[in-house]
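Undergrad: Got a structure for you, written out below as structure tokens; questions coming shortly.
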Amino acid sequence: MTSTTEGALTARAPLAALVLPGAALILATAVMLAGLLFGVDPLWRVEPLTLAEAAALRDNGEVVRLIEAGEDPNAPGTVRAEFLRNDALTITPLEAAVGSDRVDIMEVLLEHGARLDPATWNQLMCFATAIEADESRALLEQRRPEGAPLACDHVQTPW
Amino acid sequence: MSSSVLTTSSARLLALAAAVVLAAGIGHDLLHMPLQIGDSLAPLLDAVRGSSPWSEFRGHLAQSGYFRPMRFAIIKAVSDLSNGHYMLAYRLFHALLVVAFLVLFVRALEVRDRLTLAVVPLALTVFVGIHTFLGTVKEIYPTNHFLQIAVLALLALNLAQSRGGLLIDLLLFVTFIVAALTLESGLLVGVVVVAAWIAGMPGVSRRTVIGVAALIGAYAVLRFGIYGTGLPTVEERSTGFLLEPLSPPQIRERFGDNLLPLYLYNIASSISSVLFSEPRSGVWVFVRAIRGDQLAPRHFIQIGASLCATGLLAAYVVARIRDGVRRPLTLADRHLMIFALVLAANAAMSYVYTKDEIMSTAGAFYALPVAGAAVYFLRLWPARVRTWQATAAVCVLCLAGSTVWAIRAAGVHHVLRSQAFVQRNDWTRLDREWSRDGNWERYRAQEPLVRALQREAIATPVVNPRFEPRWMERVFDIYY
């Protein structure tokens, strides 16, 4: 390398170091915006969820949206592996809410048609007790249907 | 001659294009966000049932503790223009303000050659990456008045950098009036005008300063004399102190009637927040993270970035003093002086409670002298005797500093996505919370509109945080 070239490089190197990261961000933003013209939106790519998955992932808004779109809040659905447990599960949205111990999700489900009859209550209560979901247990106690017994001997819980 | 004029124009166009690209990226996020409930839905409903922007303006002249009639007039104006598409209208208004924000900033840099153009990416990442910028984008009420004031302050700076004249003076007066009547921080436009005059900006004359001073006096007479709104007190809001936020009762319990230490702390922490990214809304989150064993890379990124940029400013001040400069001579000198005065005034205004959002105007002005300082040292660099070791060290420092700022700027998208998720979820609690707070009694007649807004918000697709890479939460900023 000649001294002239080296001198030019050392003269410009700090400028390049200052400019490159910001320029890269601007360029990436421009590419992202251009992608919108072709229907590609990497920043706002929304993954479809089942109702049970939305409950497991504490997505109150998606829970309500799916129910209002016609999903049955009492029907079991798939929860993909790694969302609640290592394995995939087939559970009801209320079970998913208890599994993640989120009372706000439980309240949303109950407000939007999820049934809490004595059998369901008993099953959920046993589940909450088994996994030590204390907040869920407290809510279920408040919402105990009249005459609902608590008997967990023959109750099968999701885990 | 004509080729150099073209070069300047081309340089400025490219700089503006860079600003528009970044702004459009953020605007794209904003258009994906649902309307929020907190501090937003009630003012929107009030605006819808108001008769006109002028009636809203008059109706809010005598509000206790605050003097923001223009804010409500603007909310009403956007509501009227929306033709029923409220979410789209307010989000579009917000996005357009962000575009204006970045464009006015780049315009104030007065890009004129390759070197000043080359510094624009750094300047934009500092402008967007500083945490006070988040306060201008992550929420709307249903307009973001912090952003409005910051835009007006930059508009005033641009006018101050013009050739001046009677028309510029009138525009500055109008800018000040709109800002001062929108939010208390709007008085900072007056500070910008005075600071620009002190700094020797060509667009501000003694006449301008006298006019703004008269308007400030008129504001004081209107607010404290005629309408008697008073000032907000510590009973209004919580504020951060040392390692935790304090609620109003906790503030009284700790300080009693001697609030001076709290006021001084709020002012000092506001200044420190802009210069060093700590504390955040009065809370030293870095120290809290150390004590709670919750340190994450983002703590080092934020503080490191601010140390680099503020260090650059400090080095610039030392260099200029060594050059024998005792008054502002260059644009960078002027920007530095204006920033210092705006920072002091903005911090003084947050004496009652401190929030990152309140410092958004000072944060916007921070990037101006940082860019100027960078240009100054880059111009000197080629003439210096350079060893490869010194060059390597400087390059590492420059690359580290600019990289962390770019990371901070990129993190704005992460914060907005997180906010969208939270804001959509808030709509599912509307019935419960409004029943608890008594809002349904107040807005029962507008229930159809509320339900329509709720459906629209719930239907807005947002990204669930579960699908974001885990490293983002550790690297990018979060909402404190």
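The values are calculated or read from the model by the stated rules, or taken from the named source; none is laboratory data. Only a predicted model underlies this, so the values are computations on that prediction, with no experimental measurement involved. Here the Cβ positions follow ideal geometry from the backbone for every residue, glycine too, while neighbour counts run over all protein chains shown. Quick note on the areas: whole protein, heavy atoms, side chains included, nothing else; ligands and nucleic acids left out. Shrake-Rupley method; radii C 1.70, N 1.55, O 1.52, S 1.80 Å.
Undergrad: Label-point separation (nm) for B:GLU235 and B:PHE300, each offset 7 Å from Cα along Cα-to-Cβ?
TA: 4.8 nm
Undergrad: List the extent of the Cα atoms of region B:324-480 along each of their three principal axes, largest first, rounded to whole Å.
TA: 73, 39, 23
Undergrad: While we're here: What does the extension gain come out to for B:ARG322 and B:ALA268, with contour length at 0.36 nm per residue minus their alpha carbon separation?
TA: Details: separation 54, 0.36 × 54 = 19.44 nm, distance 2.79 nm.
Extra length available between B:ARG322 and B:ALA268 comes to 16.6 nm.
Undergrad: Another question, if that's okay. Given contacts defined as C-alpha pairs under 8 Å and at least six residues apart, what's the relative contact order of chain A, whole-number percent? Could the numbers behind the result be given before it?
TA: Numbers: 178 pairs, mean separation 26.6, N = 159.
Answer for chain A is 17 percent.
Undergrad: Shifting gears a bit: Quick check: with the 1.4 Å probe, what order do B:LYS355, B:LYS76 take by accessible area, largest first?
TA: Largest accessible area first, the list is B:LYS355, B:LYS76.
Undergrad: Here is a further query. Show me, for region B:329-343, the HN-Hα J-couplings you get by feeding each phi into the Karplus relation (A = 6.51, B = -1.76, C = 1.60, θ = phi - 60°), rounded to Hz, glycine and proline as x.
TA: Running phi through 6.51 cos²θ - 1.76 cosθ + 1.60 with θ = phi - 60° gives 10, 9, 4, 5, 4, 5, 4, 5, 5, 5, 4, 4, 6, 5, 4 Hz.
Undergrad: Put A:ASP101, B:ASP80 in order of accessible area, largest first, 1.4 Å probe: what do you get?
TA: Details: A:ASP101 45, B:ASP80 80 Å².
Ranked list, largest accessible area first: B:ASP80, A:ASP101.
Undergrad: Compute, for B:PHE224, the solvent-accessible surface of its heavy atoms (probe 1.4 Å) with the complete set of protein chains present, and express it in square angstrom to the nearest 10.
TA: Looks like 100 Å² after rounding.
Undergrad: When only Cα pairs under 8 Å and 6 or more residues apart are kept, what is the percent relative contact order across region B:129-265? Can you show the working numbers first?
TA: Working: 123 pairs, mean separation 23.3, N = 137.
After rounding, I find 17 percent.
Undergrad: For region B:434-480, what does the convex hull of the Cα positions come to per residue, in cubic angstrom?
TA: Numbers: hull volume 5.9 nm³, N = 47.
So the per-residue hull volume is 125 Å³.
Undergrad: Along region B:105-110, what does the Karplus equation 6.51 cos²θ - 1.76 cosθ + 1.60 (θ = phi - 60°) give for ³J(HN,Hα), rounded to whole Hz, x for Gly and Pro?
TA: 4, 5, 4, 5, 5, 6
Undergrad: Here's something else I'd like to know. So if I place +1 on the C-beta of Lys and Arg and -1 on the C-beta of Asp and Glu, and nothing else carries charge, what would the dipole magnitude of region A:51-142 be about its Cα centre? I want it in debye, nearest 20. List each step's numbers first, then the result.
TA: Numbers: 7 positive and 18 negative charges, 31 e Å.
For region A:51-142, the charge dipole is close to 160 debye.
Undergrad: Which value results for Rg/Rh of chain B when Rg is the Cα radius of gyration and Rh the Kirkwood radius based on the inverse mean 1/r? Could you put the intermediate results ahead of the total?
TA: Details: Rg = 22.8 Å, Rh = 23.6 Å.
Rg/Rh: 0.97.
Undergrad: Also, quick follow-up: Return the sequence-ordered ³J(HN,Hα) values of region A:79-90 in whole Hz as given by the Karplus equation 6.51 cos²θ - 1.76 cosθ + 1.60 applied to θ = phi - 60°, using x for Gly and Pro.
TA: So the Karplus estimates, Gly and Pro as x, are 10, 4, 4, 6, 7, 10, 10, 5, 9, 5, 10, 10 Hz.
Undergrad: Shape verdict for the protein assembly as shown, please, from the Cα gyration tensor: rounded (a/c under 1.5), prolate (a/b greater than b/c) or oblate.
TA: Details: a/c = 2.02, a/b = 1.49, b/c = 1.36.
Verdict is prolate for the protein assembly as shown.
Undergrad: Now, a different point. What residues qualify as long-range amide H neighbours of B:PHE241, i.e. H under 5 Å apart, gap of 5 or more or another chain, H built at 1.01 Å from N?
TA: Result for B:PHE241 returns B:LEU246.
Undergrad: Related question: Please work out the C-alpha center-to-center distance from region B:419-478 to region B:72-146 and express it in whole Å.
TA: 23 Å
Undergrad: While we're here: What percent of all Cα-Cα pairs in region B:93-240 falls in each 10 Å bin, counting up from 0?
TA: Binned Cα distances yield the sequence 11, 34, 34, 18, 3, 0.
Undergrad: Using a 10 Å cut-off around each Cβ of peptide A:107-113, what is the average number of partner chain Cβ atoms that fall inside? Show your work: numbers first, answer last.
TA: On the way: counts 3, 4, 0, 0, 4, 1, 0.
Partner-chain Cβ atoms within 10 Å, mean over residues of A:107-113: 2.
Undergrad: May I ask you to derive the FRET efficiency for A:ALA119 and A:GLU47 from their Cβ-Cβ distance with R0 = 35 Å, giving the value to the nearest 0.05? Before the final figure, lay out each step's value.
TA: Details: r = 33 Å, r/R0 = 0.95.
The value I calculate is 0.60.
Undergrad: Round to the nearest 10 and report in Å² the accessible area of B:PHE300, as given by a 1.4 Å probe over the protein chains' heavy atoms.
TA: Approximately 120 Å² of B:PHE300 is accessible to the 1.4 Å probe.
Undergrad: Now for a separate question. Please give the solvent-accessible surface of B:CYS395 in Å², to the nearest 10, using a probe radius of 1.4 Å with every protein chain present.
TA: 30 Å²
Undergrad: State the percent of C-alpha pairs, over all pairs in region B:152-310, separated by a distance greater than 20 angstrom. Spell out each step's value before the answer.
TA: Working: 8074 of 12561 pairs.
Here the tail beyond 20 Å accounts for 64 percent of pairs.
Undergrad: Here is a further query. Just to confirm, what accessible area per residue do you get for region B:251-309 at 1.4 Å probe, in whole Å²? If you can, show how the numbers build up before the last one.
TA: Details: 2800 Å² over 59 residues.
It amounts to 47 Å² per residue over region B:251-309.
Undergrad: Another question, then. Please report the net charge: other residues with Cβ closer than 12 Å to the Cβ of B:VAL120, K and R +1, D and E -1.
TA: Working: positive: B:ARG12, B:ARG107, B:ARG112, B:ARG114; negative: B:GLU110, B:ASP113.
Charge balance in the 12 Å sphere: +2.
Undergrad: I want the local charge near A:ASP59. Using Cβ-Cβ distances under 12 Å, sum +1 for each Lys or Arg and -1 for each Asp or Glu among the other residues.
TA: Working: positive: A:ARG58, A:ARG65, A:ARG102, B:ARG424, B:ARG466; negative: A:GLU47, A:GLU53, A:GLU62, A:ASP104.
Its environment carries a net charge of +1.
Undergrad: Taking amide H atoms as placed 1.01 Å from N in the peptide plane, list the residues 5 or more away in sequence, or in a different chain, whose amide H sits under 5 Å from that of B:ILE140.
TA: Counting only residues 5 or more places away or on other chains, the set is B:GLN36.
Undergrad: Could you sort B:TRP440, B:TRP471 by accessible area so the largest value comes first, with the probe set to 1.4 Å? All intermediate terms of the calculation are to be shown ahead of the outcome.
TA: Working: B:TRP440 5, B:TRP471 135 Å².
Ranking B:TRP440, B:TRP471 by accessible area, largest first, yields B:TRP471, B:TRP440.
Undergrad: For region A:1-46, state what percent of all Cα-Cα pairs lands in each successive 5 Å bin, counting from 0 Å until the bin that includes the largest distance.
TA: Whole-percent P(r) values from 0 Å outward: 5, 18, 15, 13, 11, 10, 9, 7, 7, 4, 1.
Undergrad: For chain A, what percent of Cα pairs sit more than 26 Å apart? Please report the intermediate quantities before stating the final value.
TA: On the way: 5951 of 12561 pairs.
Of all Cα-Cα distances in chain A, 47 percent exceed 26 Å.
Undergrad: Moving on to the next point. For chain B, what does the relative contact order come out to in percent, with C-alpha contacts under 8 Å and a separation of six or more? Don't skip to the end; give the middle numbers.
TA: Details: 695 pairs, mean separation 104.0, N = 480.
For chain B, the relative contact order is 22 percent.
Undergrad: While we're looking at this one, here's another question. How big is D for region A:51-142, in µm² s⁻¹ as a whole number, if Stokes-Einstein is applied with the Kirkwood radius of its Cα pairs at 37 °C and 0.692 mPa s? Could you put the intermediate results ahead of the total?
TA: Working: Rh = 12.7 Å.
Reported coefficient: 258 µm²/s.
Undergrad: Roughly to the nearest percent, how much of the accessible area of chain B is carbon and sulfur, given a 1.4 Å probe?
TA: Numbers: 12890 of 19740 Å².
Carbon and sulfur together cover 65 percent of it.
Undergrad: In Å and whole numbers, how far do the C-alpha atoms of region A:20-81 stretch along each principal axis, longest first?
TA: Here the spans come out as 53, 23, 18 Å, largest first.
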